[in-house]
1. Find the Cα radius of gyration of the range 140-226, compare it with 2.2 N^0.38 Å by division, and give the number to two decimals.
2. Can you compute the charge dipole magnitude of the chain about its Cα centre, using +1 on each Lys and Arg Cβ and -1 on each Asp and Glu Cβ, nothing else charged? Give it in debye, rounded to the nearest 20.
3. Among Tyr32, Leu204, His100, whose Cα sits farthest toward the positive end of the charge dipole of the chain (+1 at Cβ of Lys/Arg, -1 at Cβ of Asp/Glu, about the Cα centre)?
4. Kirkwood hydrodynamic radius, computed over distinct alpha-carbon pairs, for the chain: how many Å, to one decimal?
5. Below 21 Å Cα-Cα, how many Lys pairs turn up in the range 140-226? Only count pairs eight or more apart in sequence, or on different chains, if you could.
6. Taking the dipole about the Cα centre of the chain, with the C-beta of Lys and Arg at +1 and of Asp and Glu at -1, give me whichever of Gly171, Pro160, Leu118 is farthest to the positive side.
7. Taking K and R as +1 and D and E as -1, what net charge do the other residues with C-beta under 12 Å from the C-beta of Asp24 add up to?
Amino acid sequence: MNINAKAPSTSTSSLPLSKLKSFDVHNIEGLYTHTLDECLQHLTSLKRLTIGDCKEVDLEGMQWEPLKNLSHLEIDNIPKLVSLFIWLQHLVQLQTLKIHNCNGLRSLLPVFQHLTFLEEFEVKDCKKLELSGAGIQIFQDHTSLRSLRLEHIPKCRHLPKWLQHLTNLQGLYLVNLPNLTSLPDEMRCLTKLQILDINGIPQLEERCRKDIGADWHKIAHIPHIW
């Protein structure tokens, strides 16, 4: 189900939403967090949710417990989103989380340890996001993540320390991170990593040149480096 342009004027409780599997909320004028929250309470069978281009939504204070079956969540262009709140821990079946164009997002709180089924995590175009901080281990003891994509995050100067805990990671995609100049020694902990894709980061690409790059010894075990 795709809703866009204008917020619905009818009560969502009268709609047969309890069996809905996919819900796309996009560019709804006048939609506020409490209205979205009220609507989502009825979507107890939802598997896939996309929330995009909603200027007045910040997701704060929402009740996500009814969405316990959600496996795919995309958040795109929600400028008032500042951090990932503790509500994320209720999405225990979540397999894919994508966050794009959220320029107010500043931090990722350590609630990912509750997402034991999460396999794919993607963050793109978040200008204020700080990926690492003192003592913060977002993915500590996390074992299920298979794919991590970081794209156009200007404040990313170092890959975070929690990277070493992603022991089942198979694909790492680093795209257009202008201030990332080297890879950490923890790359050698990622023994199951099959793909390392570095794109649009000239300094880092130079350091990762086969056999001669300064960081080559950290990634030599990875079969496919692009």
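No lab work stands behind these numbers, since they all come straight from the coordinates. Given the structure is predicted, the values throughout are model-derived calculations rather than measurements. A quick note on method: Cβ atoms are made from the backbone with ideal geometry, for glycine too, and the neighbour counts reach across all protein chains shown.
1. Details: Rg = 11.9 Å, N = 87, 2.2 N^0.38 = 12.0 Å.
This ratio for the range 140-226 stands at 0.99.
2. Details: 24 positive and 25 negative charges, 61 e Å.
Computed charge dipole of the chain: roughly 300 debye.
3. About the Cα centre, the residue reaching furthest to the positive side is Leu204.
4. Numbers: mean 1/r = 0.0538 Å⁻¹.
The Cα-based Kirkwood calculation yields 18.6 Å.
5. Details: Lys161/Lys192; Lys161/Lys218; Lys192/Lys210; Lys192/Lys218; Lys210/Lys218.
Within the range 140-226, the lysine pair count is 5.
6. Of Gly171, Pro160, Leu118, it is Gly171.
7. Working: positive: Lys21, Arg48; negative: Asp53, Glu74, Asp76.
Around Asp24, the charge tally is -1.
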